[in-house]
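Structure record follows, encoded as structure tokens.
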Amino acid sequence: MGKLTALSDMQLDAIGEIMNISMGSAATAVSELLNAKVWITTPQVSIVQASQLNYGRLEPAICVKIEYIKGLSGSNLMILKQDDVQLILNQLMGRPPVISPDFEFDELNISAVSEVMNQMMGASSTALAEFLGMGIDISTPTPYILSEVNIADLQSYEQTDMVASINFDLTIDGVIKSEFISVLDINLAATLADRVLGGAESPAPIQPEPAPVQPEPAPVQPEPAPQPAPSPMPTPQPAAPVQPQPQPQPMPDMYAQQYYGYPNQPMYNQPPMQPMMQPQPAVNYRNAQLAQFDNFETPLGTEQKENLQLLMDVPLQISVEIGSTKKKIKDILEFSQGTIIELERQAGAPVDVMVNGNLIARGDVVVIDDNFAVRITEIVKSKFMDSLGKGE
């Protein structure tokens, strides 16, 4: 396929419908990722020269490129505002929705952008594959800062090459209300449109064909009824005098409606009546008898006590917990030397004494010969201590 220069209005409408469906799935994926409602709507498709591609209102902008590596051939460029991307990352990291002038697209932020776009474009490609009925795979999204690279360089566009530019409205509840641009190769856009239009046109001529076929067998069925006499085939079907015979037979209407509307054939009506008339065998049942267990405790015997005494010499790990807290993974990754972690326990409160992970006591921290120690002030009743004390 050579380089195209234009698309028809029908093709443009088809591209808009395709992108509307695929980006709807992308919005759902981003919504789950950010835990916020996301809307990606109102695609506006236009065919422009690469040199006239206008994204000045999005500058400073960031571009994310994906390649279709299976099912389709071509690429898709997503152009977004850098401020919008910063707000999306703040929402992802649990930060306030505030634009910071000190924000930098370092390696960590670029990786986070790639993950967001991977979720977004992955869902978009899945919806596109289901809509077109074909398998589609994409490459890992790669972000670029447009102040450092030119779109023409990313795609090797000539100045006169035509591209499909699709504008979308982007809204994230409580975060941003903005827009972004998707740029497709014009050949890729034409391929998508032709697959949709071809799929829509193919069933159209097929639908009217069965319509005239259906009335034809309808007149064919009554025709053999008046022609049983001349032909030898209908001789076993001179059922005209036989038809009044089953009428005096008592038969419910429900059986007359079954068997494809042939109530005058007793051979088809009688078999279903037999199972209806047959009595169902009686089923004997009774409530399940559950065994009753009494709650009782038997004292340990001499041998059991001796065995328990052997366990008394088993060493157990004792640890002391000053306190604990919960942190998000992103906060833990930001830990560095000098980071202060605030615990939920107040200063001066007793610490917990744990034995193999079981709380058995509480006490105060003291210092003995330059070593920390714990003075037990409270024994905590627990099943662990009770189980050890039964053998004493």
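In the range 54-73, which residues are of a type in the set (A, V, I, L, M, F, W, C) and surrounded by fewer than 19 Cβ atoms within 10 Å (Cβ to Cβ)?
First pass over the range 54-73, keeping only residues of a type in the set (A, V, I, L, M, F, W, C): 58, 61-64, 66, 69, 72.
Residue satisfying the conditions is Ile69 alone.
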Do any residues in the range 125-142 that are buried (at least 16 other Cβ atoms within 10 Å of the Cβ) have Cβ atoms under 6 Å from those of residues that are aromatic (Phe, Trp, Tyr), where the two are at least six apart or on different chains, and which pairs are they?
-> Ile138/Tyr68
From the option list Glu334, Glu378, Glu306, Glu297, single residue qualifying as within 30 Å of Arg95 (Cβ to Cβ) and either of a type in the set (Asp, Glu) or modelled with pLDDT of 70 or more (or both) is Glu334
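Looking only at the range 162-196, count how many residues are over 28 Å from the mean Cα position of the chain (by Cα) and within 16 Å of Ser73 (Cβ to Cβ). So that I can check it myself, show each step before the final result.
Step one: of the range 162-196, the residues over 28 Å from the mean Cα position of the chain (by Cα) are 162-165, 185-187, 190, 194.
The next check asks that each one be within 16 Å of Ser73 (Cβ to Cβ); those that pass are 163-164, 185-187, 190, 194.
Result for the range 162-196: 7.
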Every pair of residues 6+ apart whose Cβ atoms lie under 6 Å, when the first sits in the range 353-365 and is under 11 Å from Glu378 (Cα atoms) while the second is basic (Lys, Arg) and in a strand (DSSP E or B) = Gly363/Arg375; Asp364/Arg375
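Out of all the residues in the range 29-87, which are basic (Lys, Arg) and either in contact with a Lys or Arg (Cβ under 6 Å, 6 or more places away or on another chain) or within 29 Å of Arg195 (Cα to Cα) (or both)?
So in the range 29-87, the residues basic (Lys, Arg) come out as 37, 57, 65, 70, 81.
Selection gives Lys65, Lys70.
The values are calculated or read from the model by the stated rules, or taken from the named source; none is laboratory data. Keep in mind it's a predicted model, so treat the numbers as computed, not measured. Cβ sites come from the backbone with ideal geometry, for glycine too, and all protein chains shown count toward neighbours.
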